[in-house]
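Below: the structure, in structure tokens.
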Amino acid sequence: MARLRHDRADMSAPMVSGKHSLTFVVPALVLIGVFLVFPALWTVYLGLTDYRLTGLAAADPRVVGAANYAEALGDERFRTSLWLTVQFVLGSAVLGQAVLGFAIAWALRDRRGPLKSVTEGLVLLAWILPSSVVAFLWIALLDRDGGTLNAILHTPGFAWLLDHPMASIIVFNVWRGTAFSMMLYGAALENVPPSHLETARLAGASTLQQLRDVVLPHIKGHVLTNLLLITLWTFNDFTAFQLTAGGPDGRSEILPVYIYNVAMSGGRLGFGAAVSFLVLVVNLVLAFAYLRLLRSRGEVRPS
Amino acid sequence: MIALRGLTKEFPGGVRAVDSLDLEIGDGEFFALLGPSGCGKTTLLRTIAGLETPTSGRIEIGGVDVTGTPPGRRDVAMVFQDYALFPHMDVTANIAYPLRIRKVPRAEREAKAAETASRLSLSELLDRRPGQLSGGQQQRVALARAVACRPKAFLFDEPLSNLDARLRLEARTFLKRLQRELAVTTVFVTHDQSEALALADRIAVMSAGRITQLGTPSEVFRRPATTFVASFIGSTPMNLLPGVAGDGALRVAGAEFPLPDGTPEGEVLYGLRPEYADLTTREPGEKGAFSGKVAVVENLGTAHLVTLECADHLLQVVVPEGAEPPPGTAAWVVPRPGRALLYRDDTLVGGA
């Protein structure tokens with residue numbers, strides 16, 4: 001990696017001088033500045049004020065320093081929301097999407113024909129449908145009175161979204177997001193040399209031993225990349241809002257929903273910005289941890 | 001002993017990679033499956049290993065029917081063309097892997113790995129990863145992994161073809177000695193006829209899922225049963241010239257030979273290895289020589305391959321170094337007695 005980057009730098013150096021290369025990247029830099037860097041900095045600034053959507057503080061926001069951060073960290077609702085987010089990420093992304101996606105990819109790895117294409121097609125469909133359409137489908141599925149699930153299970157009147165809001169949005173997000181992991185692992189499994197698996201089979205290794213000794217060491221990098229991406233996506237996923245809106249009574253209020261509720265519904269833009277910044281910090285820590293793991297792999301010694 | 005009875009492997013789509021094949025491989029025998037790519041030799045090996053399920057027929061290893069037995073319980077070890085060493089394990093762990101799966105205690109399996117490694121001169125490399133080894137070393141580690149678990153049979157799938165030419169000869173000698181010492185039944189798949197001739201006790205030449213000829217290397221080399229085997233075996237291809245047998249004589253490319261007893265009359269293919277003929281630049285007194293003009297001379301190192309144009313046909317002869325004529329000279333080729341072969345309908349019908 002490092003060498004590759006080095007080579008590329010060497011190659012471009014004699015072709016384009018410093019001034020010229022700047023001309024090429026300026027348009028991109030301007031776009032990034034306007035749409036990415038400025039809003040981010042603006043959020044940081046807002047997080048230090050008591051800026052509101054309406055009222056006196058909307059016209060004349062005051063800088064309140066770290067008060068918003070102190071309030072968020074001391075807020076029971078924030079901490080509950082963080083804990084629910086952890087459940088949401090672990091349950092729907094790490095356990096749900098990654099494990100289920102790998103299982104489907106593993107089961108389909110040697111198959112050809114209609115079973116494979118139909119399964120992959122259905123899983124992909126869940127991924128490419130617009131989120132509002134999907135949310136509507138799930139509301140129709142889980143509805144208390146006319147819901148499809150209650151009709152199938154013969155449990156009329158069971159309120160899934162009210163009685164099990166977290167379980168509902170976790171299953172929903174697994175269903176919705178598994179396709180990415182399935183595709184990534186499907187591609188990764190093609191990199192596992194068949195002769196390695198066959199050597200393990202000839203030694204008498206069970207499927208679990210084959211996964212442990214041959215498959216996982218080969219796809220470790222893919223696993224970490226996959227976990228990094230789906231963790232961050234799920235951490236910031238807002239689609240669940242369309243199912244439960246964080247309710248009932250905040251029992252499915254994961255962080256993105258919490259921020260929306262306090263900043264938009266509650267009108268406290270400054271406080272919302274502060275919480276957003278905290279989420280950003282958590283994301284950075286997660287990303288950094290995964291990247292460290294990615295970089296240090298290869299030095300792991302087996303048994 | 002490995003015995004195959006009526007073994008057939010048909011792939012979806014109707015391709016018969018192995019076609020009702022009967023074969024017995026003796027205890028401790030070094031057996032080569034030889035053929036061009038796509039002839040079914042690798043499929044046959046994989047079916048013996050249990051990696052492919054036969055469509056019909058039976059496989060016995062050591063007198064036990066293993067047709068339905070999973071590969072891990074057949075007690076065979078396979079070495080793949082790419083060696084299939086696990087990149088995240090060091091040499092010790094790789095060699096000991098089959099023992100680890102069999103739950104051999106750690107100390108015991110590491111001792112066993114070290115012992116096997118020293119036998120294959122790998123003792124210095126026990127802590128290395130496969131990525132830190134040369135091709136030849138990797139190949140020996142793969143062999144060591146197969147040896148360490150003391151299987152009933154070794155199955156080799158072109159284990160030498162990823163080595164460079166010089167190393168391949170060394171590895172070949174090494175492999176043959178190792179197999180002699182261990183005396184384990186070995187099935188060896190190769191597309192390289194010189195490898196098969198050099199290593200094997202017996203060779204099965206395969207084509208289109210069937211065994212075309214089965215015999216010792218010298219049988220297969222001296223008396224190829226079909227023109228396919230004749231053209232496949234030998235480092236310089238056999239001359240195959242059309243001829244006519246009749247009136248007690250055999251006429252080939254302008255030359256005339258006495259017809260051996262019992263040869264049916266009619267059109268034949270006359271087969272002569274370039275090594276089994278002598279070239280002279282002086283007209284030989286007796287009949288029974290090809291006469292022609294030297295067209296090409298190729299240097300083989302210790303000998304030269306001379307191509308002659310005789311009566312619209314090309315004839316190749318190997319001549320010792322120093323005896324090669326310059327291109328354009330007239331020359332005669334005298335076949336050594338009893339070395340030429342006659343084929344009719346692609347099948348051997350006699351010698352000449």
Of all beta bridges DSSP finds with both residues in the stretch B:2-226, what is the antiparallel percent, to the nearest 5? 50 percent
Straight-distance crosslink candidates among lysines, where the alpha carbon sits under 21 Å from residue B:176 and sequence neighbours closer than 8 are dropped: B:41, B:152
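Can you give the local net charge around residue B:134? Use residues other than it whose beta-carbon is closer than 11 angstrom to its beta-carbon, Lys and Arg +1, Asp and Glu -1.
Neighbourhood net charge equals +1.
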With the charge dipole of the stretch B:239-351 built from beta-carbon charges (+1 for Lys and Arg, -1 for Asp and Glu) about the Cα centre, the Cα from B:281, B:259, B:291 projecting farthest to the positive end belongs to B:281
Along the stretch B:212-228, what does the Karplus equation 6.51 cos²θ - 1.76 cosθ + 1.60 (θ = phi - 60°) give for ³J(HN,Hα), rounded to whole Hz, x for Gly and Pro? 7, 8, 10, x, 6, x, 6, 4, 5, 6, 7, 10, x, 6, 9, 5, 4
Starting from the Cα of residue B:112, draw a straight line to each of the aspartates and glutamates and keep only those under 19 Å, dropping any in the same chain fewer than 8 residues away. B:75, B:90, B:124, B:127, B:181
Note, residue B:40: beta-carbon cut-off 9 Å, +1 each Lys/Arg, -1 each Asp/Glu, net +3
Quick one: compute the contact order of the stretch A:48-296, relative version, from alpha carbon pairs under 8 angstrom and 6+ residues apart, as a percent. 30 percent
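No value in this document is a laboratory result; all are computed from the given coordinates. What you see is a predicted model; the values in this text were computed from it and never measured. Note: ideal-geometry Cβ built from the backbone for every residue, glycine included; neighbour counts use all protein chains shown.
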